[in-house]
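The values are calculated or read from the model by the stated rules, or taken from the named source; none is laboratory data. Fair warning: this is a prediction, and the values are worked out from it, not measured in the lab. Glycine also receives a Cβ, built like all others from the backbone with ideal geometry; neighbour counts cover every protein chain displayed. Quick note on the areas: whole protein, heavy atoms, side chains included, nothing else; ligands and nucleic acids left out. Shrake-Rupley method; radii C 1.70, N 1.55, O 1.52, S 1.80 Å.
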Amino acid sequence: MISRTILGNLPYQEWFLKRFKATVFENELKWYKTEPLPGQFNYTVVDQMMKFVRKNKLIARGHNMFWDDPVYVQDWLENMTAPQLQRAMKSRIKSVMSKYRNEFFHWDVNNELLHFDFYEKKLGPKATLDMFKSMQREDPLATLFLNEYNIVERCDSKANVDRYIDTFKELKKGGVKVAGIGLESHFSAPNPAFMRAVLDKLATLKLPIWLTEVDVSSMYGQEEQAVFLEQILREAFSHPSVNGIMLWTARSPGGCYQTCLTDEKFQNLPTGDVIDQLLLNEWTTGTKRGKTNEFGSYNFRGFLGEFKVSILYNRTIVNSTFSLGHGVDTKHITIHV
């Protein structure tokens, strides 16, 4: 996750780009930031951040279209009638999705709807269903997520994996396509066995699972945060239904939301060392060298992702690329020389 603090901050950009290919914005895309007053849209900061995304060929999640927590709802929305609110919401969807069509590969539609209900109180029980339908009409190719906390971290009185699945089924019954499972993952001390059981249950929905906002509470010291972060990342990375992990760790002048990966000079903290060990060493295929056998074949095991291959044959070098994606079978790549 990045915030506006990365803009113009070359040390921060260099540190980030060495490690990450995907991002999400902390607050800059949220409705209360882009339309603080009715009809006064301001995408200046989002445009600057998208310029950074495009320049560096990153992919970005859209977070978020709406947020059911009334604390983060603009004052001018609170006293609206239902028809007025519906018009404002339609304007929000059209404004964002037309301006950034195909720019965000995911969208969190109604953030934390299991814990809060601002829109349901104003518009009725089908408020979230209507949000999904409106977004799908505006952009049928958008990948829409249910994003929620305390599903994989722990249970609470309002949210658990069964209620999450029930909500998914209700939306599906209402005729909308929920394309992804978003688990915020704001942890205190993780319980890996509980994580695994929840992920296994969610995997039955046969949808991509993303841990969308991973961090560890600042109530723990840096060393302990690093231990817990590694446990969380290993458990998520090893699960076959988890397609992605986003870290909620943007660096700001005052620090970070809960977990920092570096100090203010962008030198790694213990949590940053965990990231480097996993991303840059353990979870990368690295360079493989070898000779083909008598049938012209060469075999290797690799992590999912993009690969470059160079073949030296008769003093000629042939370059090619291929990708490894999900699948249970050996993937066969043919390159002609």
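Values as computed for the structure displayed
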| quantity | calculated |
| --- | --- |
| Residue count, the range 136-162 (criterion: of a type outside the set (Lys, Arg), surrounded by 13 or more Cβ atoms within 10 Å (Cβ to Cβ) and assigned to a loop (DSSP other than H, G, I, E, B)) | 11 |
| Filtered residue count, the range 44-54, keeping only those that are farther than 15 Å from Phe104 by Cα and either without any contact (Cβ under 8 Å) to a residue 12 or more places away in the chain or crowded, with 18+ Cβ neighbours inside 10 Å (or both) | 1 |
| Number of the exception - Ala193 against (1) farther than 25 Å from Leu261 by Cβ; (2) touching a residue at least 12 places away in the same chain (Cβ under 8 Å) | (2) |
| Qualifying residue in the range 242-265 (condition: over 19 Å from the mean Cα position of the chain (by Cα) and among the acidic types (Asp, Glu)) | yes |
| Qualifying residue in the range 306-320 (condition: within 20 Å of Leu17 (Cα to Cα), assigned by the TED database to the domain that holds Glu14 and basic (Lys, Arg)) | no |
| Single residue of the range 88-122 satisfying the filter (over 14 Å from Phe66 (Cα atoms) and assigned to a helix (DSSP H, G or I)) that is least open to solvent (accessible area, probe 1.4 Å) | Ser98 |
| Checklist (1) under 30 Å from Phe266 (Cβ atoms); (2) in contact with a His (Cβ under 9 Å, 6 or more places away or on another chain); (3) exposed (fewer than 15 other Cβ atoms within 10 Å of the Cβ) applied to Asp69, failing item | (1) |
| Residues of the range 234-285 satisfying the condition of being over 23 Å from Thr204 (Cβ atoms), open to solvent by less than 40 Å² (accessible area, probe 1.4 Å) and part of a helix (DSSP H, G or I) | Pro270, Thr271, Gly272, Val274, Ile275, Asp276, Leu278 |
| Positions within the range 163-191 being in contact with an Asp or Glu (Cβ under 8 Å, 6 or more places away or on another chain) and surrounded by 14 or more Cβ atoms within 10 Å (Cβ to Cβ), in sequence order | Tyr164, Gly182, Leu183, Glu184, Ser185, His186, Phe187, Pro190 |
| From the options Asn102, Asn79, Asn111, Asn64, residue that is of a type in the set (S, T, N, Q), in the same structural domain as Met131 (by the TED database) and over 16 Å from Leu144 (Cβ atoms) | Asn79 |
| Any hit, the range 75-92, residues being under 21 Å from Tyr257 (Cα atoms) and touching a Lys or Arg at 6+ places or on another chain (Cβ under 9 Å) | no |
| Within the range 305-336, tally of residues that are touching a strand residue (DSSP E or B) at 6+ places or on another chain (Cβ under 6 Å), open to solvent by 100 Å² or more (accessible area, probe 1.4 Å) and hydrophobic (A, V, I, L, M, F, W, C) | 1 |
| Top-ranked residue of the range 177-204 - restricted to ones that are at pLDDT below 95 and more than 14 Å from the chain's Cα centre (by Cα), ranked as nearest to Glu148 (Cα to Cα) | Val178 |
| Failed item, numbered, when Pro125 is tested on (1) part of a loop (DSSP other than H, G, I, E, B); (2) at pLDDT 95 or above; (3) under 27 Å from Ala197 (Cβ atoms) | (3) |
| Verdict on Val328 being more than 26 Å from the chain's Cα centre (by Cα) and of a type in the set (A, V, I, L, M, F, W, C) | no |
| Every residue from the range 198-223 that is touching a strand residue (DSSP E or B) at 6+ places or on another chain (Cβ under 8 Å), open to solvent by 20 Å² or more (accessible area, probe 1.4 Å) and not in a loop (DSSP other than H, G, I, E, B) | Ala203, Trp210 |
| Top-ranked residue of the range 1-30 - restricted to ones that are of a type in the set (D, E, K, R) and under 14 Å from Met246 (Cα atoms), ranked as surrounded by the fewest Cβ atoms within 10 Å (Cβ to Cβ) | Lys21 |
